[in-house]
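First up is the structure itself, then whatever we jot down about it.
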Amino acid sequence: MTPAQPASPPTAPMNPLSAGERLYCVALHLLPARFRAEAGPEMLAVFRDWHASAGDRPFGAFRLWWLALRDLASCIRAERLRSSLALPQLQDRAPMIEILFKDFRYALRGLRRAPGFAAIVVLTLALGIGANTAIFSVVDGILLRALPFDDPEELVAVWADYTRRDGPVREWLSYPNFHDVRQLDEVFVEVGTYLGLGATLTGSGDAVSVRGAQVSEGMFNRVLGVQPALGRGFAASDDIPDAERVALLSWALWQQQWHGDPSILGEAIVLSGEPTIVIGIMPATFQPPFSPQAELWVALRMDATQSAGARGEARYRSIARLQPEVTTATAQSAADALGSALEREYPDANVGIGYALRPLRSDIVGGTSTALWILLGAVGFVLLMACVNVANLLLAQATSRVGEIAVRSAVGASRAAIIRQLLAESIVLATTGGVLGALLGVFGTRALVGLAPPGTPRLAEVSADARVLAFTATVTLLAAFAFGLIPALRASRGNLSVALNEAGRSADGSGGRRLRAGLVVVQVALAMVLLVSAGLLLRTFQQMNSVDLGFEPGGVLALQLGLPSGRYADNADRVAFYGELERRLAALPGVDAVGGVDTLPLSGFDGDANFQIEGQPEPPRDQQRIAWVRRMTPGYPETIGLRLTSGRFFELTDDGEAARVVVINQTLASTYFDGQDPIGQRVYFGRADDDPFYLTIVGVVGDIKNFGVTQESRNAMYFAYAQLPTGFMSMVLRTSGDPSSLAAPARAVVADLDNLLATASISTVDDVVQQSLASERFTTTLMSAFAAVALVLAVIGLYGVISYAVSMRSHEIGVRMALGANRRNVGRLVVGGSVGLVVAGVALGTVGAWGATRALTGLLYETDPTDPLTFTAVIGVLLLAGIVAATLPANRASRIDPIRVLSRD
Amino acid sequence: MTSNKPADLLPLRPVVFGILSVLRQAPLHGYGIMQQANDHVGHRALLGPGTLYRTLKELRAGGMIEHAAAPGGTDARRQYYQLTRFGGDVAVAEAQRLGRLIDTATLASQQAG
């Protein structure tokens, strides 16, 4: 051997590329990109040296290009072959990141080859993650998260407890009873109270109707611990009867009406005709735990002396802050002692009334919580089904790839490389599903907030929560990861030669088949529970919608109005105003009837009174006769469609001068005038020995649903508006056309009559009725949506398993056909397999639904939780789903050509 | 390619043996290897830049060669390669195998002759 001489390159400095070298550069682009990035520069360097030295030989350039291109071609062929087989790189010491990058690229390529599979997995994951994020965000915002106040666990709602009088456990307080409980400063830091306020704001453009509350002085600063963002809060001197009226504005109202101009502070605004000084602006984030839609708050201006006679008037809702070391139980015993003392001191008003303290959070959300927990449970089922589906799809997918994996293994891919790559596919699927699911979760949460019934507590605090998203994403991704790993491990362990020989036929063990069938059975069972729940809620909703309301809401428009007490101080003014309004509205074209009532049925407002019947002994004080009271004009019964049972309705002559009259409802008549004719009898308010207020019964009307379509009928009375006027009225207009088309002309009539008056709200009575069913509709809609998703997931699951079984059993089917089975037999065999799975799922699901629907009992109305019709219908739907899911695979199976299948052997 | 015993890797492809033999003499850059290996093997069209690079990569992955510092006075931008101890053993083992093969062939032709 000759001594080694480093062959010194002829061109030492690197000159700019020559034309030939540039050509070689272009040719290098035929190499796979990754190999080119790694090897290109060095190959070019070698070629340049070679190119430079080739010039001196005969035919040098020609020979060089011939050799170089031949070399390049063989290199390209080898590298392309390597990437198409997804061989592991020959060196194991390549940086991990590079290997992973490559795995993901192959994963993407693999999924592009099976877009249907990829789309189903991604959609399933997205549905599971998205729906769960949305519902859990709502549950978290409303039920779980602490109230947004300092030390929220110290806040309690203070109610009057009327249970000993057969009344509600949560009744509002009278001002004197509030004032007394406020004195318990050994247990309470402060007790605050409030009263709803609807007012007309004038003086800054058009008259606008604003919602708010009258608030006692300590409510914001000492009870809730909230300070205004600008200006000052209420002071003790603002909350006395003769003080100048002062108001705090919500941030939104300030922006909307005054465009955030701070010079409004200290200025007077006109609220329902009364000048009111703006003293502060509450922070933008402030949401009082009561009347969430309030736009402003005025000081209550009450004291105990002024309201001394009003101990029986329950109008105030109260919230207290406990002293730091005091528990609710301790405070409750102090309040109990006070209640007993007040009963002795004021037997007339307070007998049978106690105080009830409840933690504020559960008090606010109490009514909403059952439905939300149930929806959370339901959506949890959807998540479970999504996981099962993904598992099933990945299992089937991996098994069908045993052959492919065996080929890779045979050409040198290590087990680790195969597992890594299958996992990469799972991760690509999971990540795509996760991102879509996150988007769905964010938009779904917004949609839910929009869909939620008005008056849902704490709705403003609901937002798609990152923790929730992280949780659901983790759960689903773990599922994808786990179920990607199991088949990966199993597939890569397989016996190569067996797999290669039998690829695509029976490589799947019976254990795997049973596992997947079991998963589908579970899935059908879960779908059944959800479908039954949705079915029961739908039945309930249907029952509620077909309840006889006792009036005819169709074709009626309602306008709510409030006369400011300043300008309409006298009863005569109010009667004159509403009389004139009624006449003008009746004159509008298309209006068939007009009337007025102080409170629309089903509008959510209550109002009752204690009454006595002349000639019947007065009951003991703690067993009062209570009736809902309504005031109406003579035109109201015809307009709203009340049904007269006996006697008469009011007439225009039943005015302030005439004898006082009353119309009672059927329930009251049958409860207290059993067998007698109530017409002509008298009822009275107050005490017989103390100049009571008598009214003569002139008519009996059918019962109507006043406070909820599912509520039992209660005693009710109607007064003649002209005899007992009030400032707040709802005018109702009946038309044979579209009632909402009357809104604009009716509003114009109001403005024409008094342009300082704002119409608080205009809606059709149909809408009012539907509004009262809003929370039922919310629950039913969501449950139905979840059930639909569950059904789709179950069909996908069934389809996956059946279709896979058909491809695995094509050999067996071929044999059967060769032995004389016809297409119909084969189709029946496949559909029968699917129906068999459904039957097993239904059996399991019936047991599950039987138990699970008990949780729904509180939400059902005139529907049995084991309603046979619902169960039967759901079973029918699932069997149909089983047949539908099997149709395509059955069709494919019946087209199997026995000759081709058998010739594969 | 990660076997620890040189004998497991035999027989070597002519290109591999050519490169290992060239590098047994001294560290060298890509073009130098290509030039000398082609001369060495006596088949002048055996190695092009692509095949060279792929084989170098394979040998490096197999632990037979490694990158080397460019000797002083040469172009530092060129990548130099040198034999590892294992690579040297593999080259020797292959040379011995070929030697025995030649002895056998020679003996056979003498007996035939």
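The values are calculated or read from the model by the stated rules, or taken from the named source; none is laboratory data. Keep in mind that this is a model prediction, so the values were computed, not measured. Positions of Cβ are backbone-derived with ideal geometry, glycine not excepted, and every protein chain shown enters the neighbour counts.
For A:Asp49, indicate whether it is surrounded by 13 or more Cβ atoms within 10 Å (Cβ to Cβ), at pLDDT 80 or above, among the charged types (D, E, K, R) and part of a helix (DSSP H, G or I). Considered against the rule, which asks whether it is surrounded by 13 or more Cβ atoms within 10 Å (Cβ to Cβ), at pLDDT 80 or above, among the charged types (D, E, K, R) and part of a helix (DSSP H, G or I), A:Asp49 comes out as yes. If you go through the stretch A:427-469 and keep only what is of a type in the set (Gly, Ala, Ser) and not in a loop (DSSP other than H, G, I, E, B), you end up with A:Ala430, A:Gly433, A:Gly434, A:Gly437, A:Ala438, A:Gly441, A:Gly444, A:Ala447, A:Gly450, A:Ala460, A:Ala466.
In this entry, A:Gly876 is excluded by the filter for residues that are buried (at least 20 other Cβ atoms within 10 Å of the Cβ), assigned by TED's automatic domain parsing to the domain that holds A:Leu538 and modelled with pLDDT of 85 or more.
Only residues that are surrounded by 22 or more Cβ atoms within 10 Å (Cβ to Cβ) and either closer than 23 Å to A:Ala337 by Cβ or of a type in the set (Lys, Arg) (or both) were counted in the stretch A:188-215, giving 4. On the given criteria, is A:Thr870 surrounded by 14 or more Cβ atoms within 10 Å (Cβ to Cβ), farther than 15 Å from A:Leu526 by Cβ and in contact (Cβ under 8 Å) with a residue 60 or more places away in the chain? Spelling it out, A:Thr870 is indeed surrounded by 14 or more Cβ atoms within 10 Å (Cβ to Cβ), farther than 15 Å from A:Leu526 by Cβ and in contact (Cβ under 8 Å) with a residue 60 or more places away in the chain. It is to be established whether one or more residues within the stretch A:239-250 are in contact with a helix residue (DSSP H, G or I) (Cβ under 7 Å, 6 or more places away or on another chain), assigned to a loop (DSSP other than H, G, I, E, B), loosely packed, with under 14 Cβ neighbours inside 10 Å and without any contact (Cβ under 8 Å) to a residue 40 or more places away in the chain. Checked against the condition, which is being in contact with a helix residue (DSSP H, G or I) (Cβ under 7 Å, 6 or more places away or on another chain), assigned to a loop (DSSP other than H, G, I, E, B), loosely packed, with under 14 Cβ neighbours inside 10 Å and without any contact (Cβ under 8 Å) to a residue 40 or more places away in the chain, the stretch A:239-250 yields no hits at all.
In this structure, does A:Ile697 turn out to be part of a strand (DSSP E or B) and over 30 Å from A:Leu859 (Cα atoms)? Here the answer is yes, as A:Ile697 does meet what is asked. At least 1 residues that are modelled with pLDDT of 80 or more, in contact with a strand residue (DSSP E or B) (Cβ under 6 Å, 6 or more places away or on another chain) and of a type in the set (A, V, I, L, M, F, W, C) in each: list the helices (runs of 4 or more DSSP H) lying fully within the stretch A:745-854 that qualify. Fully inside the stretch A:745-854 and qualifying: A:765-772. Restricted to the stretch A:16-71, and to residues there that are of a type in the set (Ser, Thr, Tyr) and within 13 Å of another protein chain (Cβ to nearest Cβ), the residue that is farthest from B:Tyr81 (Cα to Cα) is A:Tyr24. Taken residue by residue, the stretch A:875-897 has no member that is aliphatic (A, V, I, L, M) and more than 29 Å from A:Ile120 (Cβ to Cβ). Being among the β-branched types (Val, Ile, Thr) and in contact with a strand residue (DSSP E or B) (Cβ under 6 Å, 6 or more places away or on another chain) is the filter here, so list the residues in the stretch A:533-559 that pass it. Matches in the stretch A:533-559: A:Val556 only. The residues in the stretch A:259-310 that are out of contact with any helix residue (DSSP H, G or I) (no Cβ under 7 Å at 6 or more places or on another chain), modelled with pLDDT of 80 or more and among the charged types (D, E, K, R) can be counted, and the count is 4. When restricted to residues that are closer than 18 Å to A:Val223 by Cβ and part of a strand (DSSP E or B), the stretch A:280-297 contains 2. Number of residues in the stretch A:656-680 that are surrounded by 15 or more Cβ atoms within 10 Å (Cβ to Cβ) and over 48 Å from the mean Cα position of the chain (by Cα): the value is 3. Restricting attention to the stretch A:404-426 and to residues that are part of a helix (DSSP H, G or I) and of a type outside the set (A, V, I, L, M), the residue that is nearest to A:Ser463 (Cα to Cα) turns out to be A:Ser426. Taken over the stretch A:339-357, the criterion of being among the hydrophobic types (A, V, I, L, M, F, W, C), surrounded by fewer than 18 Cβ atoms within 10 Å (Cβ to Cβ) and not in a loop (DSSP other than H, G, I, E, B) is satisfied by A:Ala341 alone.
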